[in-house]
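This report refers to the structure that appears directly beneath it.
The values are calculated or read from the model by the stated rules, or taken from the named source; none is laboratory data. All of these numbers come straight from a predicted model, not from anything done at the bench. Note: ideal-geometry Cβ built from the backbone for every residue, glycine included; neighbour counts use all protein chains shown.
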Amino acid sequence: MTEPLSAPVEPVPAPTNLLEELYEKHGREAIDAILNEIDFPAPVPAPHNLDKDGWCANHNSWQCFPKSECPSDEYHNSLIRTHDPRTLVWFSAGASSAVAAKMMLARGPAVIAYTDPGSEHPDNVRFLNDCEEWFGQKIVRLHSERYVDTWQVWEERRFLNGPRGALCTTELKRMVRFRFERPTDRQVFGYTMEETGRADRFREQNPGLELVTPLIDAGLSKADCLGIINRAGIELPAMYKLGYDHNNCVGCVKGGIGYWNKIRVDFPEVFDRMAALERTIGHSAIHRDGESVYLDELDPTRGSFATEPNIECSLLCELAEIEFSAPPVGTQE
């Protein structure tokens, strides 16, 4: 029996971008307002591939969520919304990031965001307020949805640091940054000339991210940035004035022998709390050249740490100040 001839198959039209059609029909502003009201679904579960230290090879991160909640790369990419690209400056409550933010604001609108780890010196709140006045706009203050501070991370996860860095940095800064950033952002970090290698490695590790480094581009050092803040009439954060090179958390697990002996003097209660925590979880925060030293066994005379920040200002400072001396072009939400 002869099979009946089938009707010719019509070619399937190429898929169209529905979002662009809606923009064209109803206007970008109206559609974006609707999108911003949508509650996006919970993270799609994705398996971990953990080593003995808790590092997830699948997601290139510490185990940042319970296993059933770890978002996959596909989920992260699915959150892409169509927005005009933002200039997003990551403010760290330090002099370098403050100068980087001021420089970017002189070039155009920017969002300035600060990830608060909850364990920094209380004077940082004053410094943020002073910088907001200098910037002429508010700083977006972000917090972990899971942890209050570094101590909660260390105590609940029973881990301080390791070859891949500190877990508190991942949980209180990196994961918070991931939740706030957009794939289309131009991200600005306060890397100085001394940190050119770090910036290069960041670019290599994040090939899809547009990184802007205004301080490196301008040839500014950390000392230059301290000088700019000083000349702007802003009191430096308390940790700088105490002689610390960075305005990190009080009791940073990335610190070495000299750092912890200085913490012993400046913040004895923090030193004692960390010494007790080390014994509770069974390992030390200090790992240098194959040596692990518990704080309660640390010789108070070991190590060295500068007691004064190196504040100076080169001609490059003046060039940077000329750039941001003009009124800001505008603000960006």
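Could you please find all residues in the range 257-284 being crowded, with 18+ Cβ neighbours inside 10 Å and in contact (Cβ under 8 Å) with a residue 24 or more places away in the chain?
Listed by number, the residues that qualify are Ile257, Tyr259, Trp260, Asn261, Lys262, Phe271, Leu277, Glu278, Ser284.
Grab the helices (runs of 4 or more DSSP H) fully contained in the range 190-236, keeping just those with 1 or more residues being at pLDDT 95 or above and in contact with a Cys (Cβ under 8 Å, 6 or more places away or on another chain).
Answer list for the range 190-236: 214-218, 222-231.
Can you tell me which of Glu132, Glu156 is within 30 Å of Lys241 (Cα to Cα) and either at pLDDT below 90 or in a helix (DSSP H, G or I) (or both)?
Glu132
As an exercise: evaluate Pro122 against (1) more than 13 Å from the chain's Cα centre (by Cα); (2) surrounded by fewer than 20 Cβ atoms within 10 Å (Cβ to Cβ); (3) farther than 17 Å from Gly251 by Cα and give the number of the one condition it does not meet.
It fails just one condition, (3).
Would it be correct to say that Thr184 is crowded, with 17+ Cβ neighbours inside 10 Å and of a type in the set (S, T, N, Q)?
No; evaluated as a whole, the condition is false for this residue.
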